[in-house]
Ligand SMILES: [Fe+2]
Ligand SMILES: [Fe+2]
């Protein structure tokens, strides 16, 4: 919980360097880049940090597809689109999830509108952004292999998971 709160505050000062920009241009095609830049800067920063951590972890394995892993890392949270969720609603989701996860899973609802609808939508994205991200990537024609990994990035790790999924989850948890 403390980790999540720290994350929210670290996010307020997040920025992207020219080197990061180069890295993104190297690894993503133009359609995918559009989705990347459509996130908030803090989510862009998070995705980059996940990608850098994932690359570091990948060094320990000879059988990992690093290109696939980096793409997954950069794009895993694209379902969180800029302007869709306010900062205050984001903070409420983190705290609410900690205390009332089960109730909120029934209360969340897709679609913005009134203040209350926006908050319910924030919880919808909080709980379902993996599937939303996967859907967006399917639309731009990304490969099923990658879409599956991204769709599953908040599931409990299981035996037989692709190594890239295991490393994505590990890197996501560290960032
Ligand atoms: Fe995520
Ligand atoms: Fe993430």
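Here are the numbers for this structure:
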{"item": "Residue ID - surrounded by the most Cβ atoms within 10 Å (Cβ to Cβ), chosen from residues in segment 153-171 that are within 12 Å of ligand 1 (Cβ to nearest atom) and closer than 19 Å to residue 32 by Cα", "result": "168"}
{"item": "Residue within segment 76-90 that is modelled with pLDDT of 95 or more and under 13 Å from residue 164 (Cβ atoms) present", "result": "yes"}
{"item": "Condition met for residue 69 (more than 14 Å from ligand 1 (Cβ to nearest atom), surrounded by 18 or more Cβ atoms within 10 Å (Cβ to Cβ), part of a helix (DSSP H, G or I) and touching a residue at least 12 places away in the same chain (Cβ under 8 Å))", "result": "yes"}
{"item": "Filter result (surrounded by 18 or more Cβ atoms within 10 Å (Cβ to Cβ) and either part of a helix (DSSP H, G or I) or away from ligand 2 (no atom under 14 Å from the Cβ) (or both)) within segment 28-49", "result": "28, 32, 35, 36, 42, 43, 44, 45, 46, 47, 48, 49"}
{"item": "Yes/no for residue 64 being more than 14 Å from ligand 2 (Cβ to nearest atom), assigned to a loop (DSSP other than H, G, I, E, B) and touching a helix residue (DSSP H, G or I) at 6+ places or on another chain (Cβ under 6 Å)", "result": "yes"}
{"item": "Given (1) more than 16 Å from ligand 1 (Cβ to nearest atom); (2) loosely packed, with under 15 Cβ neighbours inside 10 Å; (3) in contact (Cβ under 8 Å) with a residue 40 or more places away in the chain; (4) part of a helix (DSSP H, G or I), number of the condition residue 24 does not satisfy", "result": "(2)"}
{"item": "Filter pass, residue 95 being at pLDDT below 95, more than 16 Å from ligand 1 (Cβ to nearest atom) and surrounded by 12 or more Cβ atoms within 10 Å (Cβ to Cβ)", "result": "yes"}
{"item": "Test: residue in segment 126-133 that is closer than 30 Å to residue 26 by Cα, touching a residue at least 40 places away in the same chain (Cβ under 8 Å), within 16 Å of ligand 1 (Cβ to nearest atom) and surrounded by fewer than 15 Cβ atoms within 10 Å (Cβ to Cβ)", "result": "yes"}
{"item": "Residue check for residue 55: touching a helix residue (DSSP H, G or I) at 6+ places or on another chain (Cβ under 7 Å) and either in contact (Cβ under 8 Å) with a residue 40 or more places away in the chain or in a loop (DSSP other than H, G, I, E, B) (or both)", "result": "no"}
{"item": "Residue within segment 50-58 that is over 27 Å from residue 118 (Cα atoms), within 13 Å of ligand 1 (Cβ to nearest atom) and surrounded by 22 or more Cβ atoms within 10 Å (Cβ to Cβ) present", "result": "yes"}
{"item": "Qualifying position, being at pLDDT 95 or above and within 16 Å of ligand 2 (Cβ to nearest atom), among 54, 58", "result": "54"}
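The values are calculated or read from the model by the stated rules, or taken from the named source; none is laboratory data. Treat the numbers as computed from the prediction; the structure is a model and nothing was measured. Cβ: placed from backbone, ideal geometry, glycine included. Neighbour counts: every protein chain shown.
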